[in-house]
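The values are calculated or read from the model by the stated rules, or taken from the named source; none is laboratory data. Given the structure is predicted, the values throughout are model-derived calculations rather than measurements. Here the Cβ positions follow ideal geometry from the backbone for every residue, glycine too, while neighbour counts run over all protein chains shown.
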Amino acid sequence: MRNQVISVVVAALLGLAAWQTFIALDEKGQLTAAKWDPFGEATSWTTFLLPGIEGTVLAAAISVVLAVILGATLGIGRLSEHRVLRWSCGCVVELFRAIPVLILMIFAYQVFAEYNVFRSRDLALAAVITGLTLYNGSVIAVILRAGIRSLPSGQSEAARALGMRKAMIMRSILLPQAITAMLPAVVSQMVVVLKDSALGYLIGYVEVVRSGQQLGAFYGNYLPALVVVALIMIVLNSTLSWLATTLERRLRSGRRRKGQAPVVSPATDRVTIEAPVLR
């Protein structure tokens, strides 16, 4: 009963705040039809919004692929039996996790510009991708390492008893389970990549936020432009989450069809990982 009362009070306060915001915007003329008419024109989309969406998706897609590759490399490296390799990968991960994404982007932009690494038109894109890849690759490395270490040690021991090498154990037994188990966390990180691509606005990269700002400046409707940009980002993030959920469901169902047995996670006491049955 108490929780229901609190929920009602919170909902009422949120509704009141929304109503007050609506009234304030209406008094400032931000809700008039003239402010929203430009979004019904093809020029607004072909000149501003669609190029911005393309820039956001391009930077995020490339960054996700590179971050997964980097994260897998560093994550497996941190599990190596070689102390130097393990220590080196750990230092790289902790270094780039500690530096804000924006600083990584600005630093990469300055380095690329100083040494003419990329053409001027690709400079901002390269800096955005570099910053997103280094930071999110380090985070994915931590996720992958934690996913592998959370698996029951008996599987590795049984595989070694069968004469399997460590590389084969990692590739055939541990990684497939860890990838399935950590997929929700990786998807969350992909959403972070998509949202953080908006930081490219500060180094001149044309993405959806910058395009929205340019559209608002052109038509004099900054607030409606930001609302539309926010809706676009919500659609992109929701689509990404839906695709990832579909992929996760297919991976799990595929493992069940192959006769793999579920393993109970010690942390949750629930079936969370599909593990192969060693025979």
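Observations
- Residues that are at pLDDT 85 or above and outside any helix (DSSP H, G or I), drawn from the stretch 163-211: G204, Y205, V206, E207
- Within the stretch 72-91, residues that are surrounded by fewer than 16 Cβ atoms within 10 Å (Cβ to Cβ) reach partners that are among the small types (G, A, S) and assigned to a helix (DSSP H, G or I) with beta carbons closer than 6 Å, at six or more positions or on different chains, in the pairs L85/G77.
- Among the residues making up the stretch 24-42, those that are surrounded by 10 or more Cβ atoms within 10 Å (Cβ to Cβ) and of a type in the set (A, V, I, L, M, F, W, C) are A24, L25, L31, A34, W36, F39.
- Some residue of the stretch 60-73 being more than 27 Å from the chain's Cα centre (by Cα) and of a type in the set (G, A, S): no
- Just one of (1) more than 22 Å from V68 (Cβ to Cβ); (2) surrounded by 19 or more Cβ atoms within 10 Å (Cβ to Cβ); (3) in contact with a Phe, Trp or Tyr (Cβ under 9 Å, 6 or more places away or on another chain) fails for Q213. It is (2).
- When the test is whether a residue is assigned to a helix (DSSP H, G or I) and either of a type in the set (V, I, T) or surrounded by fewer than 20 Cβ atoms within 10 Å (Cβ to Cβ) (or both), V65 passes it.
- Cβ-Cβ distances below 8 Å connect no pair with a first residue in the stretch 49-62 that is modelled with pLDDT of 95 or more, a second residue that is surrounded by fewer than 16 Cβ atoms within 10 Å (Cβ to Cβ) and not acidic (D, E), and a separation of six or more residues or different chains.
- If you go through the stretch 52-62 and keep only what is under 18 Å from V101 (Cβ atoms) and buried (at least 22 other Cβ atoms within 10 Å of the Cβ), you end up with G55, T56, A59, A60.
- Scanning the stretch 134-149 for residues that are free of Cβ contacts under 8 Å to residues at least 24 places away in the same chain, crowded, with 17+ Cβ neighbours inside 10 Å and closer than 25 Å to R252 by Cα turns up nothing.
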